[in-house]
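Working notes, structure below.
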Amino acid sequence: MMKELNDKKTELKNLSEEYKKKRNELNAEASTLAAKRNELNKKTKDLINEAQEYKGLRDENNEKVKENKALRDEVNNKANEVFAKIDQIRNENNLGGPSIKDIRKEIDRLEFAQQTEVLTTNKERELVNKITELQKQYVVKKQQLEGNDELKNLLAEAQGIRDEASTYHTTLSEYAQKAQEYHDKMITTFKEADKVRAESDAAHKEFVHFQEKADEQHKLFITAQKEIRDIDKELRKLRKGDVDGKKEASRAEARKDAEDIFDKFKSGEKLTMENLMAIQRSGVLK
């Protein structure tokens, strides 16, 4: 029985070491994945913060666009009022053809399209030629109107207002371009954050897998250790029983020897001191 228990204990010890080794290896892998996941999470957070900064800058520039657009439109309205007076005088003086206001508005519209739209080479050349032709018409119309002092003064006033509006428009365009640049950066950064977050999620999934496997090995290790302790208890019981059995056998043998000596004494044999002590130790005379 003791041999079987000792063999089982040896087997469990070997298994226990294997479970422990495997558990430690899996925990080490899980720790590596946890570190990778944490690093990716931090990178994701940094990218999101960066994207939010771009968003803030985009919104700030869009607000500037709105502000300058409102100022430009306000100034253009003033210019339109002056051009309306010019048209009135033009009609009163029978100056035919498109009004100088309409020509100016068309030039402004085409120039804005040239600055903001993506055009093919042929389309841009066509647009430039059209703007050039309208500018010639504008000069001719202006010369016609400048013969009239009142018109001349109104034209100068209108031109000054248009120049002011053009300044606001230029500033507006600059802010609009910056807003678009920050918007593009924001989108790119958010996409990068999504990509890194996906990598982090994958690392976390692997971490959970290895952690669960490590927990399984740990449970097996604990179970094996418990079984070893149970076997040790049984072995101690068996060893104690064996020792007690040997002591009892020794006492029984001592009593038998003492009884033999006592029988000799009763038969009249003379006892030695050693015989007397043996009888006393055995407890036969109690």
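The values are calculated or read from the model by the stated rules, or taken from the named source; none is laboratory data. Note that the structure is a prediction, hence the values are computed from the model and not measured. Cβ: placed from backbone, ideal geometry, glycine included. Neighbour counts: every protein chain shown. What goes into the accessible areas is simple: the full protein's heavy atoms, side chains included, and nothing from ligands, DNA or RNA. Shrake-Rupley method; radii C 1.70, N 1.55, O 1.52, S 1.80 Å.
A compact table of results
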{"item": "Carbon + sulfur, % of accessible area of the stretch 97-185 - ligands and nucleic acids excluded, 1.4 Å", "result": "47"}
{"item": "Integer Hz, Karplus 6.51/-1.76/1.60 couplings in order for the stretch 44-58, x for Gly and Pro", "result": "4, 4, 4, 5, 5, 4, 5, 5, 5, 5, 4, 4, x, 5, 4"}
{"item": "Candidate lysines for bridging to Lys101, where Cα separation is under 19 Å - those fewer than 8 sequence places away on the same chain excluded", "result": "Lys78, Lys85, Lys130, Lys136, Lys141, Lys142, Lys152"}
{"item": "For the stretch 1-234, size of Cβ-based charge dipole, Lys and Arg +1, Asp and Glu -1, in debye", "result": "460"}
{"item": "Inter-label distance, nm, simple model (7 Å from Cα along the C-beta direction), Thr116/Ala156", "result": "3.3"}
{"item": "Candidate lysines for bridging to Lys45, where Cα separation is under 22 Å - those fewer than 8 sequence places away on the same chain excluded", "result": "Lys36, Lys55, Lys185, Lys191, Lys195, Lys205"}
{"item": "Candidate lysines for bridging to Lys233, where Cα separation is under 22 Å - those fewer than 8 sequence places away on the same chain excluded", "result": "Lys3, Lys8, Lys9, Lys13, Lys219, Lys246, Lys247"}
{"item": "For the stretch 1-234, radius of gyration divided by Kirkwood radius, i.e. Rg to Rh on alpha-carbons", "result": "1.56"}
{"item": "HN-Hα J in Hz across the stretch 192-208 - Karplus 6.51, -1.76, 1.60, θ = phi - 60°, x for Gly and Pro", "result": "5, 4, 5, 5, 5, 4, 4, 5, 5, 4, 5, 5, 5, 4, 5, 4, 4"}
{"item": "Rounded to whole Hz, the Karplus (6.51, -1.76, 1.60) HN-Hα couplings of the stretch 117-128, x for glycine and proline", "result": "9, 8, 10, 6, 4, 5, 5, 5, 4, 4, 5, 4"}
{"item": "Heavy-atom accessible area order for Asp230, Asp201, largest first, 1.4 Å probe", "result": "Asp201, Asp230"}
{"item": "Probe 1.4 Å, accessible area per residue of the stretch 1-234, Å²", "result": "65"}
